[in-house]
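The values are calculated or read from the model by the stated rules, or taken from the named source; none is laboratory data. Quick caveat, the model's predicted, so the values are computed rather than measured. Neighbour counts are summed over all protein chains in view; Cβ atoms, including those assigned to glycine, are modelled from backbone coordinates with ideal geometry.
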Amino acid sequence: MRRQKHSYILLAPYYLLFCMFTVIPVILSLVISFTYFNMLEFPRWIGWQNYTRLFLEDDVFLIALKNTLLFVVITGPVSYIMCFIFAWLINDLSPKVRAFVTLVFYAPSISGNIYFIWLIIFSGDMYGYFNGFLMKAGFTEEPILWLQDPKYVLAIIMVVQVWLSLGTSFLAFIAGLQNVDHTLYEAGAIDGIKNRWQELWYITLPSMRPQLMFGAVIQITSSFAVADVSMNLAGFPSVQYAGHTIVTHLIDYGSIRFEMGYASAIATVLFAIMLGTNLLTQKLLRKVGE
């Protein structure tokens, strides 16, 4: 540290902000999760009561946990694979076409209030685009209440989440593909690589490990943090909690009921699940190209 003191001095402002707004709040949240804290009284230590209530008494949390895990298992891998496939296909286009197509894919993730488009598509009356198409095609005689029927709510939210997630990871994969050393493909051809699939597995993917890791973390985080899509499309709370997630449950107790101890317990459980999932993903990605 003495030899690199100038580097530490330059990094000090970032480390200070990171500790103040990330490390310390996480530690405080962990401590508060063992207390009863309603924002008006001083926190009162209650031990593991918040966690026992969370897993043994809170049926809505179990629904939220199930919905969140479904999001992670389905939308996470699907959006991750789609981001890479689209980036891989677009990478071979001319620079101008590639820039335009990249903008088209990335635009939804940076748009403002885009949920009204999906509200129109899945509107529960005959004027909704999807209902209108189904009725004209003869698949149904009456409009379907897509966002009011628990059977459809979660699937629709997943579709919209996948559409929104084709953003940051997609750009990272594009950048990674652009930076692969093309001499490696020539060396690979000499060593016996015969087709593009072998190039992809033995050269492209190992060369993109940092971007693959970054994309995985982003997709996992966005899958676990689903809240805005659910609240904007299905309401808050959604019908029969069909679109309820851990983050919407956290918002309910933290921002509406102000049960900060219980909300901190929810946040701690979510943090632990996300941390374990990220570690597992990193372990799997290290095997790429082996």
Please verify whether the stretch 193-202 includes one or more residues that are assigned to a helix (DSSP H, G or I), surrounded by fewer than 18 Cβ atoms within 10 Å (Cβ to Cβ) and aromatic (Phe, Trp, Tyr).
yes
Got at least one residue in the stretch 106-126 being over 26 Å from Asn67 (Cβ atoms) and modelled with pLDDT of 85 or more?
no
Expected single match for over 25 Å from Ser109 (Cα atoms), part of a helix (DSSP H, G or I) and touching a residue at least 12 places away in the same chain (Cβ under 8 Å) among Gln211, Gln219, Gln282, Gln240 is Gln240
Only residues that are in a helix (DSSP H, G or I) and β-branched (Val, Ile, Thr): list them for the stretch 173-192, please.
Ile174, Thr183, Ile190
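Considering only residues that are among the small types (Gly, Ala, Ser) and under 23 Å from Leu280 (Cα atoms), look in the stretch 168-192 and name the one that is surrounded by the most Cβ atoms within 10 Å (Cβ to Cβ).
Across the stretch 168-192, the extreme among qualifying residues is Ser169.
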Selection from the stretch 125-158 of residues that are crowded, with 16+ Cβ neighbours inside 10 Å, without any contact (Cβ under 8 Å) to a residue 40 or more places away in the chain, assigned to a helix (DSSP H, G or I) and of a type in the set (A, V, I, L, M):
Leu134, Met135
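Within 27 Å of the chain's Cα centre (by Cα), of a type in the set (Ser, Thr, Tyr) and closer than 17 Å to Thr204 by Cβ: is that true of Ser79 in this structure?
Judged against the criteria, Ser79 is not a match.
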Filtering helices (runs of 4 or more DSSP H) wholly in the stretch 8-109 for at least 1 residues that are over 19 Å from Thr245 (Cβ atoms) and in contact with a strand residue (DSSP E or B) (Cβ under 9 Å, 6 or more places away or on another chain) gives 49-56
Filter the stretch 93-124 for residues that are under 16 Å from Ile157 (Cβ atoms) and aromatic (Phe, Trp, Tyr); which is surrounded by the fewest Cβ atoms within 10 Å (Cβ to Cβ)?
Phe116
Tell me the residue from Phe86, Phe116 that is under 27 Å from the mean Cα position of the chain (by Cα), of a type in the set (Phe, Trp, Tyr) and farther than 17 Å from Ser222 by Cβ, please.
Phe116
